[in-house]
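Trainee: Pasting a structure here, questions to come.
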């Protein structure tokens, strides 16, 4: 297998669409006519990178803002906080909003600062990479389907626990990013995404008090949503129809979470 012309120790199956030189993931710049090497991407020919395809990741910043505001507002605790956390019993009794609100709350106390800090950092990194690449509407659908899938996983694995956190949605963004990279001819394991997924999965199983079901559920939900969009693009399914299918998937996952509770 060829090796990257800038990193001879890295094997790659991708070549620059302009000059033909083999390039590794760190040297790739997505363009409308394929991947380009750093030199060719700086030519005067207009090049659309992942960060300029759809503009600034506005929705990412909005979601971070909502999470932070709710975290600060719930610092005092009280019944208001516990009326919004995810718990099987209340959901089964009709408080189905908990399958949504639980994904925007975080643990309280000093651990809560680390909890929301880590989640928002990952949301910032993944949002800045993924939202400009797929657009805000698709990004929002990936986020919420993953959030619902995380709630479903948490209710299946730990139904008696009180679950909070954006981790399920964040794991879903990792799954969707892995699908998006694969679609662009990039092996996710050769990028930071593959290592990020593995690290966080190991972290989930090693440390107690972490919702393993929520993390795995969110990862699966995000990957499924990303795959649905990929199939829609490859099969030339109209944009509105693809969005409708994704909304239906989200509704199905949400209904499954309520049913499981």
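Trainee: Could you identify the single residue in 127, 150, 135 that is assigned by TED's automatic domain parsing to the domain that holds residue 209 and within 10 Å of the chain's Cα centre (by Cα)?
Mentor: The conditions single out 127.
Trainee: Still on this model: Among the residues of segment 228-249, is any surrounded by 20 or more Cβ atoms within 10 Å (Cβ to Cβ), under 19 Å from residue 98 (Cα atoms) and not assigned by TED's automatic domain parsing to the domain that holds residue 16?
Mentor: No: zero hits.
Trainee: Which ones in segment 96-118 are surrounded by fewer than 21 Cβ atoms within 10 Å (Cβ to Cβ) and in contact (Cβ under 8 Å) with a residue 12 or more places away in the chain?
Mentor: Those that are surrounded by fewer than 21 Cβ atoms within 10 Å (Cβ to Cβ) and in contact (Cβ under 8 Å) with a residue 12 or more places away in the chain: 96, 97, 100, 101, 104, 107, 108, 112.
Trainee: Can you tell me which of 67, 18 is modelled with pLDDT of 85 or more and either surrounded by 15 or more Cβ atoms within 10 Å (Cβ to Cβ) or part of a loop (DSSP other than H, G, I, E, B) (or both)?
Mentor: None of the other options fit; the residue is 67.
Trainee: Here's a follow-up. If you go through segment 94-108 one residue at a time, do you hit one that is modelled with pLDDT under 90, within 23 Å of the chain's Cα centre (by Cα) and more than 23 Å from residue 132 (Cβ to Cβ)?
Mentor: yes
Trainee: Only one of 202, 210 is in a helix (DSSP H, G or I) and surrounded by fewer than 22 Cβ atoms within 10 Å (Cβ to Cβ); which?
Mentor: That would be 202, the only listed residue that is in a helix (DSSP H, G or I) and surrounded by fewer than 22 Cβ atoms within 10 Å (Cβ to Cβ).
Trainee: While we're on this one: Taking residue 240, is it over 15 Å from the mean Cα position of the chain (by Cα) and within 29 Å of residue 198 (Cα to Cα)?
Mentor: The answer is no for residue 240.
Trainee: Specify the residue that is surrounded by the most Cβ atoms within 10 Å (Cβ to Cβ); the eligible residues are those in segment 146-189 that are in contact with a strand residue (DSSP E or B) (Cβ under 9 Å, 6 or more places away or on another chain) and not in a loop (DSSP other than H, G, I, E, B).
Mentor: Looking at residues that are in contact with a strand residue (DSSP E or B) (Cβ under 9 Å, 6 or more places away or on another chain) and not in a loop (DSSP other than H, G, I, E, B), I get 150.
Trainee: Further question: Which residues, counting only those in segment 154-175, are under 22 Å from residue 71 (Cβ atoms) and in contact (Cβ under 8 Å) with a residue 60 or more places away in the chain?
Mentor: Passing the criteria: 154, 161, 162, 163, 164, 165, 166, 168, 169.
The values are calculated or read from the model by the stated rules, or taken from the named source; none is laboratory data. Values in this document were obtained by computation on a predicted structure and should not be read as measured data. Cβ atoms come from the backbone with ideal geometry, glycine included; neighbour counts cover every protein chain shown.
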